[in-house]
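Structure first, commentary second.
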Amino acid sequence: MQGEDQAIGGRAMDSMTGRLLVATPTLKDPNFDRTVVLLVAHEPGGALGVVLNRATEVPVADVLGDWSDLAREPAVLFEGGPVQPDSAICLARMRNPVKRLRGFHQVSGAVGTIDLSVDPERLRESIGGIRVFAGYSGWGAGQLEQEIEDGSWFVLDALPGDAFVDRPDDLWPMVLRRQGGMMAAVAHFPPDVALN
């Protein structure tokens, strides 16, 4: 949970729930090459997130018909990660983040996960949009921290709209460019250059 400390190489680290993991060019795992992952949970036992920039061609309406009206464009399923691809995680953006909403679990600010067993009609006035992810990205205790230490991920602050951009393919360079300086230069790194 937020506020709990994690140990990385002997030093304490706050929970990264609600932050972005942005793959560095050195991360060549095909599951995560040039991905942006929103961490929806980061606790001593591990971490869980969803890949924000891997849209499929499967319309939300084909899988979760009642929810399709709330889905932001592109209104398709996203590949949340390689773990349990037959399961679904739904991110939602509340219109009023201070209001408590049954079935909504806050990740950061107005963004959180929503229980898909709730009647979407009851949420229509409270939710500004959803995105549905097939599967998720998961790390065991200490695994993500080690990957960060090894240089596989940049850990960056998320903006409320990151999970709901209408051009998800542009998210990786967009997040890097807004950091400025050398980080912005990484956004232009050619995808086919091999790094040792």
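The values are calculated or read from the model by the stated rules, or taken from the named source; none is laboratory data. Owing to the predicted nature of the structure, the values given are computational and were not obtained by experimental measurement. All Cβ positions, even for glycine, are placed from backbone atoms using ideal geometry, and neighbour counts span all protein chains on display. For the accessible areas, the whole protein counts, side chains as well, though only heavy atoms, and no ligand, DNA or RNA atoms are used. Shrake-Rupley method; radii C 1.70, N 1.55, O 1.52, S 1.80 Å.
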Please tell me if Leu171 is touching a residue at least 60 places away in the same chain (Cβ under 8 Å) and in contact with a His (Cβ under 9 Å, 6 or more places away or on another chain). no
Does Gln179 meet the test of being modelled with pLDDT of 90 or more and assigned to a loop (DSSP other than H, G, I, E, B)? yes
If you scan the range 73-112, which residues turn out to be polar (S, T, N, Q) and either open to solvent by less than 80 Å² (accessible area, probe 1.4 Å) or touching a residue at least 24 places away in the same chain (Cβ under 8 Å) (or both)? Gln84, Ser87, Asn96, Ser108
Hey, can you tell me all the residues within the range 125-163 that are in contact with a helix residue (DSSP H, G or I) (Cβ under 7 Å, 6 or more places away or on another chain) and farther than 19 Å from Val186 by Cα? Ile127, Gly129, Ile130, Arg131, Val132
Hey, Thr56 hits all of (1) in a strand (DSSP E or B); (2) among the β-branched types (Val, Ile, Thr); (3) over 20 Å from Asp169 (Cα atoms) but one; which does it fall short on? (3)
So, Asp33, is that one of a type in the set (D, E, K, R) and either more than 22 Å from Arg167 (Cβ to Cβ) or open to solvent by less than 40 Å² (accessible area, probe 1.4 Å) (or both) or not? no
Are any residues in the range 128-181 surrounded by 16 or more Cβ atoms within 10 Å (Cβ to Cβ), among the β-branched types (Val, Ile, Thr) and within 14 Å of Thr24 (Cβ to Cβ), and if so, which ones? Ile148, Val175
Could you tell me whether Gly112 is within 21 Å of Gly80 (Cβ to Cβ) and touching a helix residue (DSSP H, G or I) at 6+ places or on another chain (Cβ under 6 Å)? no
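Residues are listed down the side, and each one gets a yes or a no for (1) within 23 Å of Ala23 (Cβ to Cβ); (2) of a type in the set (A, V, I, L, M); (3) touching a strand residue (DSSP E or B) at 6+ places or on another chain (Cβ under 9 Å):
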site: Arg95; (1), (2), (3): no, no, yes
site: Lys99; (1), (2), (3): no, no, no
site: Arg102; (1), (2), (3): no, no, no
site: Gln106; (1), (2), (3): no, no, yes
site: Asp115; (1), (2), (3): no, no, yes
site: Asp119; (1), (2), (3): no, no, no
site: Leu123; (1), (2), (3): no, yes, yes
Check the range 113-123 and report whether any residue there is under 20 Å from Val165 (Cα atoms), among the charged types (D, E, K, R) and either outside any loop (DSSP other than H, G, I, E, B) or touching a residue at least 12 places away in the same chain (Cβ under 8 Å) (or both). no
Can you report the number of residues in the range 147-170 which are acidic (Asp, Glu), under 11 Å from the mean Cα position of the chain (by Cα) and part of a loop (DSSP other than H, G, I, E, B)? 0
Does the range 85-102 contain at least one residue that is in a strand (DSSP E or B), within 16 Å of Asn53 (Cα to Cα) and either acidic (Asp, Glu) or over 14 Å from the mean Cα position of the chain (by Cα) (or both)? yes
